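To start, the structure itself, in structure tokens.
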Amino acid sequence: MLFNSLQYAFFLPIVFGLYWIVPHKWRWIVVLLSSYYFYMGWNAKYLLLIVFITGVSYTGALLVEREKNTRRKKLWMSGVIAVSLALLFVFKYFNFVSGLIAKLLNMASIPASGIVLSLLLPVGISFYTFQAIGYTIDVYRGDIPAEHHIGKYAAFVSFFPQLVAGPIERTRNLLPQLKEERFFDYGQATYGLKLMAWGYFKKVVVADTLAVYVDKIYGDMHFFSGFARLAVIFFFAIQIYCDFSGYSDIARGTAKLFGVELMENFKSPYFSTSVREFWRRWHISLSTWFRDYVYIPLGGNRVSRLRNAANVMITFLLSGLWHGASLTFVAWGGLHGGIQVAEKQIEAHKKERRHKLPYGIKVIVNFIVISALWVFFRAVSFKDAAYMLVYWYQGLQNPLRWVTSGFGNLGIGAAEAVKILLMLLLLAVFDYISLKKDVIACIGKWKLLCRWAVYLGILALIFFWAPAESAQFIYFDF
């Protein structure tokens, strides 16, 4: 079931009503059954995967908690992780690894063909698997007690607002909220609706509008002019941000309707001045997951400079692989890791400068770098990625014609160009103010007429500017 579907528009009010009507002791049942129904909207058979992961991690955590022997305790934890990752490997990485081995054997003059499994990638498997693994590790470390109520634990693993694309919640944040008695809070609920509206604007207006041009170029990049390719490099950077952060806003807003606070997953990432800062602001739940369960156990920054660089690279190579079973994703993660290693070395050796680059220049340069790296994320091959990054300048000898022909190639007329400019300006202003203030809370303090003019204006943009068809969320593929 998609957030941006008519089905969800009927589903959410029904679940909301049931949740607040039933007594507190039965609410976990409403959450669990509605979450399972929500997930079955894609493929009912794959509900068994969530049930299996839930059962394995629930049982494993209880065994870890009860075991006194340190070695056996670690063995139980490792078993849960191994089973969970094995399931993820079969559905997401088996065909990739099989094909890669076949290519290597053929390069060594050993005839081989990869084994291909005809399995549909279950939506959200990477998210709920990591959430369950994090829970088991936390129990092993003694950070939290194991949950003994399997129904409430199952509701935690499958909580529908964040089930298929995060944020990847920590047990200490989400599970207690699902167990404690909640009382309806009008202010929290209305804030959630406003956050959802902003998320829908980012998704169905900004992301889906830009997706039309991104798909057009990446579908046949050799046909288009240089400026069209350059524009789409930046369009995709905005598209994926609005698509994914839009989902997170809708998820967080939905959770607030049930009195639940999910972690903030994005904090104006394109106003970062370095790649390192970008990852403190982008997909925060995943980056902190890798920090706590991969980077720090490897030694973090408490080791030699060379070892620390290796830890960063391992973490980001794995992060790239988490995003997709392709060498282009691994390269994308590796480039992010490599740049961060370089940034850290530069910071360690740079001397005090009397003249530093202005904040705005650093933001622009960093946005260009991040946008260029996104090409490896979007392109289906290294050849396509290289073509996009190398041949954007074609026709630049005549700058005016270069720009106008590029817009013409994309099919962007004057009216559409103004629309795109206005929606990007609105997005940039919102994100810039969000660096220091809660924009939604601030608007909520305005006079009645002013704030409702803003609310109705956003709703009007959603209804009148959204494309006729809304695309699936990009991160559903991961």
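Annotation: average projected area of the range 262-322 is 4.6 square nanometres, based on the convex hull of Cα atoms across all directions. Bridging of K437 to lysines at a Cα separation below 27 Å is possible for K194, K202, K203, K256, K267, K356, K362, K419, K445, K447, once same-chain residues fewer than 8 apart are set aside.
Seen through its C-alpha gyration tensor, with square-root eigenvalues sorted a ≥ b ≥ c, the range 51-90 comes out oblate because a/c lies at 1.5 or above while a/b is not bigger than b/c.
Evaluated at 25 °C with a viscosity of 0.890 mPa s, what Stokes-Einstein diffusion coefficient in µm²/s does the range 1-64 have when Rh comes from the Kirkwood expression over alpha-carbon pairs? This corresponds to a translational diffusion coefficient of 183 µm²/s.
For the peptides 335-343, 382-390, the ranking by mean Cβ contacts within 10 Å, running from highest to lowest, is 335-343, 382-390.
The packing ranking, built from the mean of other Cβ atoms within 10 Å per residue, places the peptides 249-256, 426-433, 449-456 in the order 249-256, 426-433, 449-456, highest first.
Most tightly packed first, judged by the mean number of other beta-carbon atoms within 10 Å of their residues, the peptides 20-28, 399-407 read 399-407, 20-28.
Computed from backbone phi, the HN-Hα couplings of the range 201-214 come to 4, 5, 6, 7, 9, 6, 4, 5, 5, 6, 4, 4, 7, 5 Hz, rounded to whole numbers (Karplus: 6.51 cos²θ - 1.76 cosθ + 1.60, θ = phi - 60°; Gly and Pro given as x). Rounded to 0.05, the FRET efficiency of the K267 and S109 pair, given R0 = 60 Å and the Cβ-Cβ distance, is 0.70. According to the Kirkwood relation over distinct C-alpha pairs, the hydrodynamic radius of the range 376-478 is 17.8 Å. Just the accessible area for M221, please: 1.4 Å probe, Å², rounded to the nearest 10? Using a 1.4 Å probe on the heavy atoms, I get roughly 0 Å². Couplings 3J(HN,Hα) of the range 165-175, computed from phi: 8, x, x, 6, 7, 8, 4, 5, 8, 7, 4 Hz, in residue order, whole Hz [Karplus 6.51 cos²θ - 1.76 cosθ + 1.60, θ = phi - 60°; x for Gly and Pro]. In summary, the range 290-404 shows an alpha-carbon radius of gyration equal to 1.33 times the 2.2 N^0.38 Å reference for compact globular proteins. Across the range 72-84, rounded Karplus estimates of 3J(HN,Hα) from the backbone phi angles (6.51 cos²θ - 1.76 cosθ + 1.60, θ = phi - 60°) give 5, 4, 5, 5, 5, 4, 4, x, 4, 5, 4, 5, 5 Hz, Gly and Pro being marked x.
The values are calculated or read from the model by the stated rules, or taken from the named source; none is laboratory data. These numbers were taken from a predicted model, which means no experiment stands behind them. Positions of Cβ are generated from backbone atoms using ideal geometry, with glycine treated the same way; all protein chains shown enter the neighbour counts. Note: areas computed on protein heavy atoms with side chains; ligands, DNA, RNA excluded. Shrake-Rupley method; radii C 1.70, N 1.55, O 1.52, S 1.80 Å.
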